[in-house]
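Q: The following block contains the structure, expressed as structure tokens.
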Amino acid sequence: MGIGIRIENLRKVYDTPPPSAARGGGFSFMAQRSAGSKEKKEKKKKFEVVALDDISLEMRAGEVFGLLGPNGAGKSTTIGVLTTRTRPTSGRAFIGEFDVWKEQVKAKRLIGVVPQRPNLDFALTAREVLLFHGAYFGQSSREREQKTQTLLEQFKLTERADDMVRNFSGGMMQRISIARAMMHDPQVLFLDEPSAGLDPQTRLLLWEIVREYNRLGKTIVLTTHDMAEADSLCHRLAIIDHGRIISQGTPQELKASIPGGYLLRLRFDRAPEELLAVLRSLPGVTEVRSADHIAADVYADRGGPLISSIVTAAQAAGAELHDVHIAEPSLETLFLHHTGRSLRD
Amino acid sequence: MNWKTFYALLSRDGHVARRNLLPTLLQNLLQPLLLTFVFGRILTAGGMMQAGYKTVLLPGVMAISMVIAGVQAVAMPLITEFQFTREIEDRLLAPMEIGWLAVEKIVAGMVQALVAGLVVIPAAWLTMGSGVHFSFRPVEFAVVCLLVAMFSSAGGLALGCSIGPTQIGLMFSLVLAPMMMFGCAYYPWSFLSKFPVLQYAVLINPLVYASEGLRGTLTQSDHMNTMVVIAALAAINVVLLVVGLKKFHSKAVS
Ligand SMILES: Nc1ncnc2c1ncn2[C@@H]1O[C@H](COP(=O)(O)OP(=O)(O)O)[C@@H](O)[C@H]1O
Ligand SMILES: [Mg+2]
């Protein structure tokens with residue numbers, strides 16, 4: 001049960017500029033600049049953007065896998081290759097056992113795609129979008145009517161079901177686009193920046209739907225440049241920048257890879273110098289700061305495991321611990337750590 | 001090949017076409033009706049044209065209608081669907097080789113071209129009043145109709161994959177307008193014999209064969225040999241299909 005995904009040495013070099021406003025504005029000024037402005041003038045016609053630079057990845061069956069990276073990193077291109085929409089310059093991609101570029105039709109049967117920019121059929125109503133999608137995938141008319149009804153309800157679109165989708169708001173288009181991707185019950189669901197432009201409420205609805213779909217054993221691949229989303233939704237992550245994988249693992253593993261990434265904010269009734277000294281000597285602690293001898297900020301490579309020793313130290317020093325807050329190392333910190341740049345551009 | 005998917009895609013196009021039935025019909029009928037009324041009725045009634053002109057005109061108007069309908073039915077949606085919304089991906093992700101989607105578009109366009117051509121016959125006949133002399137050869141007529149329908153929708157595919165939305169106006173004024181004027185729709189090809197260079201230059205215009213072919217299979221007025229017409233249309237079809245499919249493939253995948 002479940003379908004895994006494998007990417008081997010994928011490279012993609014675009015030799016034409018993106019069609020105006022294509023692919024949700026993934027312009028990377030970095031990548032273009034790296035071609036060298038002088039060189040660019042010499043061969044004006046030779047447009048080249050290296051969107052993917054030798055990427056290998058494995059997404060396991062039944063997991064929620066996140067591709068995290070700033071704009072222009074190559075996330076959409078990766079999704080494009082995996083969903084038969086972008087032809088790789090070299091390298092291979094597999095959905096389950098099928099080579100995406102050799103057995104396209106079989107691969108297409110296994111996947112559902114929510115593109116970065118809704119590519120809905122604007123000539124149809126919301127209901128028709130789902131019904132026809134089901135028909136493309138060979139569903140019987142009873143099957144597709146039932147499924148359509150269920151999805152319209154699940155995505156709270158029943159009231160607008162018979163309106164043309166071209167009149168929908170961005171958030172509604174996004175919802176119908178996700179419903180469409182789930183219509184044929186694919187084993188793998190790709191979501192390219194699914195929550196961009198969604199209001200917080202719809203976003204939570206989306207997260208819930210993704211989790212629920214994953215609980216059925218489906219593999220989910222999503223891209224995001226939102227730390228919180230990656231953190232709360234994904235089992236494993238790859239951080240991608242300039243078409244390369246910078247780092248991958250579970251959110252916990254990734255965060256733990258930053259030395260001393262935890263921050264414990266403690267508040268005592270009083271924190272004398274000797275208590276601070278003991279705190280500094282605890283295993284894994286890299287730094288302790290206290291401005292007022294009441295509160296103390298402890299930087300360490302672990303969080304919870306330190307608490308009991310902190311309590312013991314406080315008792316020994318005759319102080320009382322009033323409040324603890326553990327800030328886990330964030331992916332934001334991680335991205336900064338690896339690239340020296342913030343994710344939020 | 002996945003027939004279920006192909007059929008579902010066809011029924012989607014049929015559904016959309018039915019939804020736009022009235023505007024499409026008006027669009028397809030208005031021009032031929034005006035043409036036949038002015039040239040076939042007013043000018044012949046006033047004696048400016050001979051009554052026999054009605055018979056020459058009707059097949060030409062039918063050819064124009066078919067070509068315009070086929071080109072529009074395929075090219076216009078393609079142009080918008082290939083735009084940055086990439087609407088086309090909605091169907092490119094259907095479980096079928098993507099070349100078949102282009103074939104499906106051609107089939108849907110052919111149906112529309114055939115309908116547009118066939119409604120012109122009674123409509124034009126009515127506006128012109130009596131006086132059209134039919135001489136119907138059903139088998140050859142059917143073959144010519146199919147080939148004309150196919151070249152117009154294959155042409156629509158090639159055009160739709162080659163131009164952007166800003167060039168639609170140019171497509172009409174630079175491609176379709178001269179094609180119609182030099183397409184032997186308003187006069188038989190033999191009339192060009194006084195302009196020998198032009199007479200051979202227009203042979204690259206597929207509409208010439210459409211007009212002459214319909215003239216030969218629907219009426220008995222002066223026309224090109226029907227077998228030549230069929231061969232030329234078939235050759236044009238092959239070229240347009242190859243070009244159209246190639247362009248479609250390169251546009252469909254980035
Ligand atoms: N269709 C295209 N043609 C040319 N270049 C493209 C195309 N799509 C993306 N690119 C370029 O490839 C790079 C990666 O883009 P993309 O994969 O969209 O990144 P992301 O989704 O992470 O923002 C960018 O520099 C972008 O400009
Ligand atoms: Mg993107």
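Please treat every number below as a calculation from the coordinates, not as lab data. Predicted model only: the values in this text are computed from it and were never measured. Glycine gets a Cβ as well: all are built from the backbone with ideal geometry, and neighbour counts include every protein chain shown.
Q: Could you pull out the pairs from A:Lys12/A:Lys147; A:Lys46/A:Lys108; A:Lys156/A:Lys218 whose alpha carbons sit more than 29 Å apart here?
A: Table pairs above 29 Å Cα-Cα are A:Lys12/A:Lys147; A:Lys46/A:Lys108.
Q: Find the all-direction average of the projected area of the Cα convex hull for the range B:76-168, expressing the result in square nanometres with one decimal place.
A: 8.2 nm²
Q: Just to verify a number: FRET efficiency for A:Arg265 and A:Gln149, C-beta to C-beta distance, R0 = 60 Å, to 0.05? Could the numbers behind the result be given before it?
A: Working: r = 50 Å, r/R0 = 0.84.
So, using R0 = 60 Å, E works out to roughly 0.75.
Q: With a cut-off of at most 13 other beta carbons within 10 Å, and DSSP calling the residue loop, which trypsin sites (Lys or Arg not before Pro) in the range A:105-168 qualify? Please list them.
A: For trypsin sites (Lys or Arg not before Pro) across the range A:105-168 that sit outside H, G, I, E and B with at most 13 neighbouring Cβ atoms in 10 Å, the list reads A:Lys156.
Q: Right, next: Please sort by residue number the GluC sites (Glu not before Pro) in the range A:51-148 whose DSSP state is loop and whose Cβ has at most 12 other Cβ atoms within 10 Å.
A: Passing both the DSSP loop test and the Cβ count: A:Glu97.
Q: When chain A is modelled as a GNM with alpha-carbon springs shorter than 10 Å, which of A:Asp54, A:Asp301, A:Asp323 fluctuates the most?
A: Largest GNM mean-square fluctuation: A:Asp323.
Q: While we're here: At 7 Å along the Cα-to-beta-carbon direction for both B:Asn225 and B:Val175, put a label point, then send me their distance in nm to one decimal.
A: 3.1 nm
Q: On a C-alpha basis, how far is the centre of the range A:184-248 from the centre of the range B:106-161 in Å? Whole number, if you could?
A: Using only Cα atoms to place each centre, the spacing works out to 51 Å.
Q: Let me ask something else about it. Let's test the formula: R0 of 51 Å, r as the Cβ-Cβ distance of A:Ile294 and A:Asp199. What FRET efficiency results, to the nearest 0.05? Display every interim value, and only then the final one.
A: Numbers: r = 40 Å, r/R0 = 0.79.
That pair, A:Ile294 with A:Asp199, gives E of 0.80.
Q: Okay, next question. If I build a Gaussian network model for chain A, linking alpha-carbon pairs within less than 10 angstrom, which residue out of A:Ala135, A:Ala123, A:Ala238 has the largest mean-square fluctuation?
A: A:Ala123
Q: Continuing with the same structure: Which shape class, rounded, prolate or oblate, goes with the range B:137-221 when its Cα gyration tensor gives a ≥ b ≥ c as root eigenvalues, a/c under 1.5 marks rounded, and past that a/b bigger than b/c marks prolate?
A: oblate
Q: Can you give the extra length, in nm with one decimal, that the chain gains between A:Glu212 and A:Asp53 once fully stretched, where that is 0.36 nm per residue apart less the Cα-Cα distance?
A: Value of the extension gain: 53.9 nm.
Q: Across bins of 5 angstrom width beginning at 0, how are the C-alpha pair distances of the range B:3-252 distributed, in whole percent?
A: Computed distribution, short to long bins: 1, 7, 13, 18, 19, 16, 12, 7, 4, 2, 1, 0, 0.
Q: Calculate the FRET efficiency for A:Glu8 and A:Asp323 from the Cβ-Cβ distance with a Förster distance of 45 Å, rounded to the nearest 0.05.
A: 0.35
Q: Give me the three principal axis extents of the protein assembly as shown from the C-alpha atoms, as integers in angstrom, largest value leading.
A: Result for the protein assembly as shown: principal-axis Cα extents of 120, 59, 43 Å.
Q: Choose one of A:Gly261, A:Pro283, A:Phe168: the residue whose Cα lies farthest towards the positive end of the charge dipole of the protein assembly as shown (beta-carbon charges +1 Lys, Arg; -1 Asp, Glu; about the Cα centre).
A: Checking the options against the dipole of the protein assembly as shown, the answer is A:Phe168.
Q: Give, rounded to the nearest 20 debye, the magnitude of the charge dipole that the range B:3-252 has about its Cα centre when Lys and Arg contribute +1 at Cβ and Asp and Glu contribute -1 at Cβ.
A: 140 debye
Q: Residue farthest toward the positive end of the dipole of the range B:3-252, with Cβ of Lys/Arg at +1 and Asp/Glu at -1: which of B:Ala116, B:Phe39, B:Tyr7?
A: Value computed over the given set: B:Phe39.
Q: Helix-only estimate, please: 222 nm mean residue ellipticity of chain B, summing -39500 (n - 2.57) across DSSP H runs of length 4 or more and dividing by its residues, to the nearest 500.
A: -23000 deg cm²/dmol
Q: Measure off 7 Å from each Cα along the Cα-to-Cβ vector at B:Gln50 and B:Leu30, then give the distance between these two points in nanometres to one decimal.
A: 3.5 nm
Q: Size of the dipole of the protein assembly as shown about the Cα centre, Lys and Arg at +1 and Asp and Glu at -1 on the beta carbon, nothing else charged, in debye to 20?
A: Around 2020 debye, computed over the protein assembly as shown.
Q: Can you show me the helix-derived [θ] at 222 nm for chain A, built from DSSP H runs with n ≥ 4 at -39,500 (n - 2.57) apiece and divided by the number of residues, rounded to the nearest 500.
A: After summing the helix terms and dividing by the residues of chain A, the value is -10000 deg cm²/dmol.
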